[in-house]
1. Using θ = phi - 60° and the Karplus relation 6.51 cos²θ - 1.76 cosθ + 1.60, list the HN-Hα couplings for the range 225-235 in order, rounded to whole Hz, with x at every Gly or Pro.
2. For a quick check: with amide H placed at 1.01 Å from N, whose amide H comes under 5 Å from Ala195's, ignoring anything fewer than 5 positions away on the same chain?
3. Which of the peptides 124-134, 108-118, 28-38 is most tightly packed, and how do the rest follow, going by the mean number of other Cβ atoms within 10 Å of each residue?
4. Please turn the phi angles of the range 143-148 into ³J(HN,Hα) values with the Karplus equation 6.51 cos²θ - 1.76 cosθ + 1.60 (θ = phi - 60°), one per residue in order, whole Hz, x for glycine and proline.
5. Can you list the HN-Hα couplings for the range 26-38, worked out from phi with the Karplus curve (6.51, -1.76, 1.60; θ = phi - 60°), rounded to whole Hz and with x for Gly and Pro?
6. For Asp208, which sequence-distant residues (separation of 5 or more, or a different chain) have an amide H within less than 5 Å of its own amide H, given hydrogens modelled in the peptide plane?
7. Pull out the extension gain between Val48 and Ala138, defined as 0.36 nm times the separation in residues minus the alpha carbon to alpha carbon distance; nm, one decimal.
8. Please sort 18-24, 64-70 by packing, taking for each peptide the average over its residues of neighbouring beta carbons within 10 angstrom, highest first.
Amino acid sequence: MDPLAAFYLKKWLTALMLPPWGPILLGLLGLWMLVRAHRRLSLAVFAVAGAYFLALSTPATIYRMLEPLQWPVDTGHQVEAKAQAIVVVSPGHARTKLGGMLATAQNRPILLSGGSPTGDEAEAIAMARQFVREHQRAPDWIEDQANDTWENAEFSRVMLSLHDINRVVLVTDLIHMRRACEEFRRAGFTVYPHASAADMYFQPDPDDWMPHLKHLPLGRYVAHEWIGHWVQRLRGYGQACTAR
């Protein structure tokens with residue numbers, strides 16, 4: 001399958017599982033069952049759809065889902081001396097800023113990774129522009145073809161292997177770090193994770209059980225990360241990364 005077609009297929013399937021389409025499709029399934037006189041089953045499907053939507057729009061449940069995903073903050077600021085380069089994955093002002101600070105402070109080369117499947121400006125190009133503005137020099141490598149975390153790791157490996165680099169400080173946000181770390185280790189890197197806390201959307205109160213649409217973007221992001229972890233398990237890996 002064409003890589004672009006495969007990317008869009010994956011994105012569409014993921015979108016159908018996440019809000020708003022996930023609950024909507026479940027609701028439509030329940031309605032179809034109700035019309036077909038499967039009343040009890042339709043009520044069960046409606047209940048699942050409602051619970052799914054509420055879970056991803058309620059701070060307390062989102063926070064519970066976040067806990068296993070978050071990279072501990074106190075381990076993210078111990079940069080290993082053995083690392084050969086800094087790799088920043090995906091866009092985000094805080095991630096790029098942190099990666100640039102580490103590269104400057106530790107005198108290490110830096111790779112920025114992030115593509116654009118739609119043909120618009122690649123994420124890595126925008127990151128590079130920020131890096132140049134803040135550090136008055138160009139990044140050492142720009143990987144602008146990757147459209148997901150698996151490709152971030154694979155394409156970074158191809159570029160860095162030309163320079164015999166396989167030990168990297170990996171920079172991304174707290175939620176994405178475990179999955180990104182697993183992908184980079186699977187690609188053959190020794191990974192020293194350094195998570196950016198500033199990309200967090202909010203830190204909810206676990207006692208706040210009031211759902212609101214404003215919390216749905218974070219709930220969707222967390223659910224997306226869980227889907228990514230389940231895909232890794234189906235591929236037979238994803239257990240390697242723990243806090244150092």
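1. Here the 3J(HN,Hα) series is 5, 5, 4, x, 5, 5, 4, 4, 5, 5, 7 Hz.
2. For Ala195, the qualifying residues are Gly76.
3. Peptide ranking by packing, descending: 108-118, 124-134, 28-38.
4. Those phi angles translate into 9, 10, 10, 6, 10, 7 Hz.
5. 5, x, 5, 5, x, 5, 4, 5, 5, 5, 7, 6, 9
6. Answer set, sorted by chain and number: Ala60.
7. Length gained, Val48 through Ala138: 27.4 nm.
8. 18-24, 64-70
Rule-based calculations on the coordinates, nothing more; no lab input. This one's a predicted model, so the numbers in the text were calculated from it and none came from an experiment. Virtual Cβ from ideal backbone geometry, glycine too; neighbours counted across all protein chains shown.
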